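Chemist: Please read through the structure below; I'll follow up with questions.
The values are calculated or read from the model by the stated rules, or taken from the named source; none is laboratory data. Nothing here was measured: the structure is a model prediction, and the numbers come from that model. Here the Cβ positions follow ideal geometry from the backbone for every residue, glycine too, while neighbour counts run over all protein chains shown. For the accessible areas, the whole protein counts, side chains as well, though only heavy atoms, and no ligand, DNA or RNA atoms are used. Shrake-Rupley method; radii C 1.70, N 1.55, O 1.52, S 1.80 Å.
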Amino acid sequence: MIFKTDSIESTKNLGRLVGSLLIGGEIIELTGDVGAGKTTFTKGLGLGLGVNETISSPSFTISRAYNARDDINLVHYDFYRLVDAGIMRNELEDSMSDKKNVVVVEWSEIIKDFLPKDRLIIKIAAINEDCREIDVRAHGKVSESILRSLS
Ligand code: ADP
Ligand code: MG
């Protein structure tokens with residue numbers, strides 16, 4: 001399903017809508033170039049999950065976790081700076097096995113083989129300075145039901 005947004009706020013709103021549909025256990029892969037809006041989308045997702053803290057890019061720390069509503073944790077990964085997943089792979093797998101976690105991954109290339117098939121893949125592309133094309137795809141039962149709720 002393809003969405004178009006024309007501002008930071010509208011990208012956040014789409015993220016918020018997705019976040020509001022999550023119950024824990026979902027995996028969300030975000031792809032797109034630097035500056036596409038992956039972290040902006042995640043900030044919105046956090047709003048939909050009831051995260052009170054400010055979500056910032058985990059590029060330097062690789063991962064950050066936030067308390068969300070209903071005992072859910074939002075765990076946000078960004079593997080941009082890593083050449084090899086190394087020990088982070090175990091951490092990621094632990095995060096994904098806990099059904100209380102919603103796991104969001106930016107720059108998933110180096111760990112793609114470890115992600116489950118059932119995940120929401122969100123591809124963001126800049127059309128121009130303010131416009132983004134956001135392609136949301138589902139691959140499995142859980143992610144497909146989220147996608148259906150979006151339409
Ligand atoms: P990424 O995490 O993909 O590197 P960020 O979310 O950190 O990207 O940055 C996106 C940048 O694009 C921000 O500077 C933001 O202000 C800008 N921007 C402009 N228009 C949009 C839009 N429609 N949606 C999201 N970000 C936008
Ligand atoms: Mg980012």
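Chemist: Would you please classify the overall shape of region 47-104 from the alpha carbon gyration tensor, given that a ≥ b ≥ c denote the square roots of the eigenvalues, rounded means a/c under 1.5, and beyond that prolate means a/b larger than b/c while oblate covers the rest?
Modeler: It is oblate, given that a/c is not under 1.5 and a/b is not larger than b/c.
Chemist: Assuming a ≥ b ≥ c are the square roots of the Cα gyration tensor eigenvalues, decide whether the chain counts as rounded (a/c under 1.5), prolate (otherwise, with a/b larger than b/c) or oblate.
Modeler: Rounded is the answer for the chain, as its axis ratio a/c remains below 1.5.
Chemist: If we sort 63-75, 136-148 on the protection proxy, mean other Cβ atoms within 10 Å, highest first, what's the order?
Modeler: Result, highest mean Cβ count within 10 Å first: 63-75, 136-148.
Chemist: Which whole-number percentage describes the relative contact order of the chain, with Cα contacts under 8 Å and a sequence gap of 6 or more?
Modeler: This gives 32 percent for the chain.
Chemist: Whenever you get a sec, line up Phe3, Phe60 from highest to lowest accessible area (probe 1.4 Å, protein heavy atoms).
Modeler: Order by accessible area, largest first: Phe60, Phe3.
Chemist: Probe of 1.4 angstrom, ligands and nucleic acids ignored: what's the accessible area per residue over the chain, in square angstrom?
Modeler: It amounts to 52 Å² per residue over the chain.
Chemist: Work out, step by step, the length gained on full extension between Asp71 and Asp94: first 0.36 nm times the residue separation, then minus their alpha carbon distance; give nm to one decimal.
Modeler: Here the segment from Asp71 to Asp94 would lengthen by 6.6 nm.
Chemist: I would also like to ask the following. If contacts are Cα pairs under 8 angstrom and at least 6 residues apart, what is the relative contact order of region 1-61 in percent?
Modeler: So the answer I get is 42 percent.
Chemist: In nm, to one decimal, how far is the modelled label at Leu21 from the one at Ser57, with both set 7 Å along Cα→Cβ?
Modeler: If labels sit at Leu21 and Ser57, their model points lie 2.7 nm apart.
Chemist: State the percentage of accessible surface on the chain attributable to carbon and sulfur atoms; use a 1.4 Å probe and exclude ligands, DNA and RNA.
Modeler: 50
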